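A short worksheet on the structure shown next.
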Amino acid sequence: MAEYPQLLHTVLDTTDVRGLAEFYRLFLGLHYRSGDEPPAGGVDDADWLVLIDADGLRSLAFQQVDRVEQTTWPEHDVPMQLHVDFTVSSVAELERHRERAESLGARVLLDRTDDPDEPLYVLADLAGHPFCIFVA
């Protein structure tokens, strides 16, 4: 018997399950769980998808919802609610991954790359969920 519960994965609500899963699959280099791959030439009616890492461990899951109220952060009318942090090794890597995220459809919410102690970007994914990329 385990002493503590184990994290299975983080679930993100979205109105476009496949679109958001594809964003994170491409951005993080993850893979679909067996059976969750896009259908070959068929209609994609997925309402729940799971992405796994190279070792087969669950990382992220995506759940279909009718509506997602996007955060207004840094204003607090609609709070962030949850965000994911990613680290990179250098400012050059920070810029490379920001560009990759934007090319996949993310948008920059905050540019704090001028902070000498912790340069970072806060971005929003396709569903409006904020995530941070910063130099560790």
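Yes/no matrix, rows are residues, columns are (1) among the aliphatic types (A, V, I, L, M); (2) farther than 23 Å from SER103 by Cα; (3) surrounded by 12 or more Cβ atoms within 10 Å (Cβ to Cβ); (4) within 15 Å of the chain's Cα centre (by Cα):
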{"site": "PHE27", "(1), (2), (3), (4)": "no, no, yes, yes"}
{"site": "SER34", "(1), (2), (3), (4)": "no, yes, no, no"}
{"site": "LEU57", "(1), (2), (3), (4)": "yes, yes, no, no"}
{"site": "THR72", "(1), (2), (3), (4)": "no, no, yes, no"}
{"site": "VAL78", "(1), (2), (3), (4)": "yes, yes, yes, no"}
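Would you point out the residue of the range 80-136, among those that are among the small types (Gly, Ala, Ser) and exposed (fewer than 15 other Cβ atoms within 10 Å of the Cβ), that is nearest to THR15 (Cα to Cα)?
Kept after step one, since they are among the small types (Gly, Ala, Ser), are these residues of the range 80-136: 89-90, 92, 101, 103, 105-106, 124, 127-128, 136.
Next cut, exposed (fewer than 15 other Cβ atoms within 10 Å of the Cβ) only: 89-90, 92, 103, 136.
Numbers: SER89: 33, SER90: 34, ALA92: 33, SER103: 20, ALA136: 32 Å.
If we take residues in the range 80-136 being among the small types (Gly, Ala, Ser) and exposed (fewer than 15 other Cβ atoms within 10 Å of the Cβ), then SER103 is nearest to THR15 (Cα to Cα).
Within the range 38-56, count every residue that is of a type in the set (A, V, I, L, M) and either at pLDDT 95 or above or in a strand (DSSP E or B) (or both). Outline the logic, then answer.
Step one: of the range 38-56, the residues of a type in the set (A, V, I, L, M) are 40, 43, 46, 49-52, 54.
Checking which are either at pLDDT 95 or above or in a strand (DSSP E or B) (or both) leaves us with 49-52, 54.
Count: 5.
Output the residue which, of all residues in the range 1-37 that are in a loop (DSSP other than H, G, I, E, B) and touching a strand residue (DSSP E or B) at 6+ places or on another chain (Cβ under 8 Å), is modelled with the lowest pLDDT.
The initial filter retains those residues of the range 1-37 that are in a loop (DSSP other than H, G, I, E, B), namely 1-9, 15-16, 29-30, 33-37.
Checking which are touching a strand residue (DSSP E or B) at 6+ places or on another chain (Cβ under 8 Å) leaves us with 8-9, 15, 30, 33, 36.
Numbers: LEU8: 81, HIS9: 88, THR15: 93, LEU30: 98, ARG33: 96, ASP36: 94.
Here the answer is LEU8.
The values are calculated or read from the model by the stated rules, or taken from the named source; none is laboratory data. All values derive from a computational prediction rather than experimental measurement. We place every Cβ from the backbone using ideal geometry, glycine too, and count neighbours over all the protein chains shown.
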